[in-house]
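> Please find one structure pasted underneath; my questions will follow.
Each value in this text was obtained by applying a stated rule to the coordinates, not by laboratory testing. Predicted model only: the values in this text are computed from it and were never measured. Positions of Cβ are backbone-derived with ideal geometry, glycine not excepted, and every protein chain shown enters the neighbour counts.
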Amino acid sequence: MSIARVVKSYTTKRIILSSPKPFSRVIAALDKEINKDGPHIKDVMYGVKSKEDFDKGVSAVTDNGTKPFAYFTADYHSKWLSVYFGRKIQDMALYTFGNPMYAKDLMTIDPVTGMELPPRVLVQSTEDGGTRIHYELPSSWYIENPSPELKAELEDLDGKLDRTMKKILS
């Protein structure tokens, strides 16, 4: 049996947004915007038995579609780094959030989009007391001739991410 290996390079575009709003207030706004307190999207994704239950669950998690994204995970890297180094590390958290309704559309067009979904953002405190957010622009994930349909879907996701990040930073 032979194994084929293909290596492809690609470049994404990283968006960096900054605000004087303190980290704790940005995190509180993000938690509220993605419904971190629940219900949780993973319970919906892996706990339902029908398409109808899935649709109802996603609707509940996204407040009847008024919120574009739902919480998946938050990893507070500054907490474990502070323990490891024995000193306070500036606050930083990696958030993963998404919407399976967008993901199903993207992965139907191109299953490889599943490698980048759900999106992630790194939220960092800044030395001046503000906050910086980093994320990769979804439309830059696919450089090699994306179909017009995929390109349009990814650009739509760009807009949703941008509006959500600007909202929580305001």
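> In nm, to one decimal, how far is the modelled label at Gln90 from the one at Asp63, with both set 7 Å along Cα→Cβ?
Once both label points are built, they end up 3.0 nm from each other.
> Normalised by the empirical 2.2 N^0.38 Å for globular proteins, what value does the Cα Rg of segment 28-75 take? Don't jump to the answer; show the numbers that get you there.
Working: Rg = 10.5 Å, N = 48, 2.2 N^0.38 = 9.6 Å.
Compared with the compact-globule rule of thumb, segment 28-75 sits at 1.10.
> Tyr76 versus Lys160, label points 7 Å from Cα toward the beta carbon: distance in nm?
2.8 nm
> Also, quick follow-up: In nm, give the distance between the simple-model label positions of Lys32 and Val48, each being 7 Å from the Cα along the Cα-to-Cβ direction.
That separation, rounded to one decimal, is 2.7 nm.
> To two decimal places, what compactness ratio does the chain give when its Cα radius of gyration is scaled by 2.2 N^0.38 Å? Don't skip to the end; give the middle numbers.
Details: Rg = 17.7 Å, N = 170, 2.2 N^0.38 = 15.5 Å.
Against the empirical 2.2 N^0.38 Å value, I get 1.14 for the chain.
> Looking only at Ser147, Ser139, Ser18, which one moves most when the chain is put into a Gaussian network model with springs between Cα atoms under 10 Å?
Ser147
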